[in-house]
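Inspection log for the structure reproduced underneath, given as structure tokens.
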Amino acid sequence: MNIKMILSVALAAGLLTGCECEKCEKGGEAKEAALLSQAKISKETAQASALAKVPGGTVKEGELEKEKGKLIWSFDISTPDSKDIKEVAVDAMTGDVIGVDTETPEDQAKEAAEDAKKKKGDKEDKD
């Protein structure tokens, strides 16, 4: 009987965790959809502008985000001759490139750690 109880509790916990993760994903999708509805410049157009600033580059990641109150497309672009990443910000309302920053591998690792910490904090806030 003890085994059945433990299995039941474990199964219930697993199902609840799955439901919570689904809520997180839907919340993220809703936020993304809300931002997309505000953008006047498509991701494809913004990406072309970003790539023009980094000749020979390849987009590794692109996302729409609010940064300092401004809606921007942010692209991480790698080049074959460097381990650095160029982060190019494109105004999602005008299509203008508003910033090009270089991230070293150390910067990238730090940002990844901060993102993981933030995601963990967001999850704990929902629990």
Within the stretch 60-83, of all residues that are within 13 Å of Asp96 (Cα to Cα) and touching a strand residue (DSSP E or B) at 6+ places or on another chain (Cβ under 6 Å), the one surrounded by the fewest Cβ atoms within 10 Å (Cβ to Cβ) is Ser74
Looking at (1) out of contact with any Ser or Thr (no Cβ under 6 Å at 6 or more places or on another chain); (2) surrounded by 11 or more Cβ atoms within 10 Å (Cβ to Cβ), find the lone condition where Gly57 falls short.
(1)
Considering only the stretch 92-103, state which residues are in contact (Cβ under 8 Å) with a residue 40 or more places away in the chain and within 17 Å of the chain's Cα centre (by Cα).
Ala92
Got at least one residue in the stretch 42-57 being free of Cβ contacts under 8 Å to residues at least 24 places away in the same chain, charged (D, E, K, R) and under 21 Å from Ala30 (Cα atoms)?
yes
Reported set for the stretch 42-61 where residues are within 11 Å of Lys86 (Cα to Cα) and among the hydrophobic types (A, V, I, L, M, F, W, C) is Ala50, Leu51, Val54, Val59
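What about Glu106, is it without any contact (Cβ under 8 Å) to a residue 40 or more places away in the chain, over 14 Å from the mean Cα position of the chain (by Cα), assigned to a helix (DSSP H, G or I) and surrounded by fewer than 11 Cβ atoms within 10 Å (Cβ to Cβ)?
Numbers: without any contact (Cβ under 8 Å) to a residue 40 or more places away in the chain: yes; over 14 Å from the mean Cα position of the chain (by Cα): yes; assigned to a helix (DSSP H, G or I): yes; surrounded by fewer than 11 Cβ atoms within 10 Å (Cβ to Cβ): yes.
Yes.
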For the stretch 49-94, which positions are aliphatic (A, V, I, L, M) and in a strand (DSSP E or B)?
Val59, Leu64, Leu71, Ile72, Ile77, Ile85, Val88, Ala89, Val90
Limited to the stretch 58-95, what total is found for residues that are in contact with a helix residue (DSSP H, G or I) (Cβ under 8 Å, 6 or more places away or on another chain), charged (D, E, K, R) and within 15 Å of Ile41 (Cβ to Cβ)?
2
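Every number in this text was worked out from the coordinates using simple rules, so none of it is lab data. Bear in mind that the values here come from a model prediction, so they are computed numbers and not experimental data. Virtual Cβ from ideal backbone geometry, glycine too; neighbours counted across all protein chains shown.
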